[in-house]
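Take a look at the structure below.
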Amino acid sequence: MAAMLTRSMSARLVRRQAFLAWGAARSARRRGFTLIELLVVMAIVAILLTIAGPRYFDHLDRARENALAQSLAVMRDAIDKHKADTGNYPRDIEELVSRRYLRAVPKDPITDSTETWLIVSPPDATDAGMWDVRSGAPGRAKDGTSYGDW
């Protein structure tokens, strides 16, 4: 009985060692990916990019438009506060910064420049200075309006 048990254990041990050796040889042969596996992954990535790419760029455009609207609202509010405090309109945007109505001249998010702001004079000739500010960015927004008309 003991001999049979030993023979059974040794046969099991031999089979286990053979299996482990076969697995080690198999894993040594198969270290990389096959061409088919790589092509499938590349196809999946390409499909995801075709879905996500246009949405990402559309989101960037909408974010720039929202930033432009916010910058215009802040500058117009600063112009109104300057008029209420001093009784006249500021000469330019730099005056709003020097009198601390604005911390700095904001960048136009469409042109990425502080130099493209257009200053609008007051409609009545009795007042001088800056009555309104508009973007000097060329082109149209997603809603079809010109950036200069905002």
TODO: Out of Ala84, Ala63, Ala104, Ala69, report the one residue that is aliphatic (A, V, I, L, M), under 29 Å from the mean Cα position of the chain (by Cα) and farther than 25 Å from Asp143 by Cβ.
DONE: Ala104
TODO: Kindly indicate the residue of segment 89-123 that is outside any loop (DSSP other than H, G, I, E, B) and in contact with a strand residue (DSSP E or B) (Cβ under 7 Å, 6 or more places away or on another chain) and also nearest to Asp77 (Cα to Cα) among those meeting that condition.
DONE: Ile93
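When you look at Arg31, is it modelled with pLDDT of 65 or more, loosely packed, with under 10 Cβ neighbours inside 10 Å, in a helix (DSSP H, G or I) and among the basic types (Lys, Arg), yes or no? Explain how you work it out, then say what you get.
Details: modelled with pLDDT of 65 or more: yes; loosely packed, with under 10 Cβ neighbours inside 10 Å: yes; in a helix (DSSP H, G or I): no; among the basic types (Lys, Arg): yes.
In short, no.
Residues are listed down the side, and each one gets a yes or a no for (1) surrounded by fewer than 12 Cβ atoms within 10 Å (Cβ to Cβ); (2) at pLDDT 95 or above; (3) part of a helix (DSSP H, G or I); (4) hydrophobic (A, V, I, L, M, F, W, C):
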residue	(1), (2), (3), (4)
Ala21	yes, no, yes, yes
Ala24	yes, no, yes, yes
Val41	yes, yes, yes, yes
Arg55	yes, no, yes, no
Ala73	yes, yes, yes, yes
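The values are calculated or read from the model by the stated rules, or taken from the named source; none is laboratory data. Please read these numbers as outputs of a predicted model, since none were measured by experiment. When we count neighbours, we look across all protein chains shown, and the Cβ atoms used for this are built from the backbone with ideal geometry, even at glycine.
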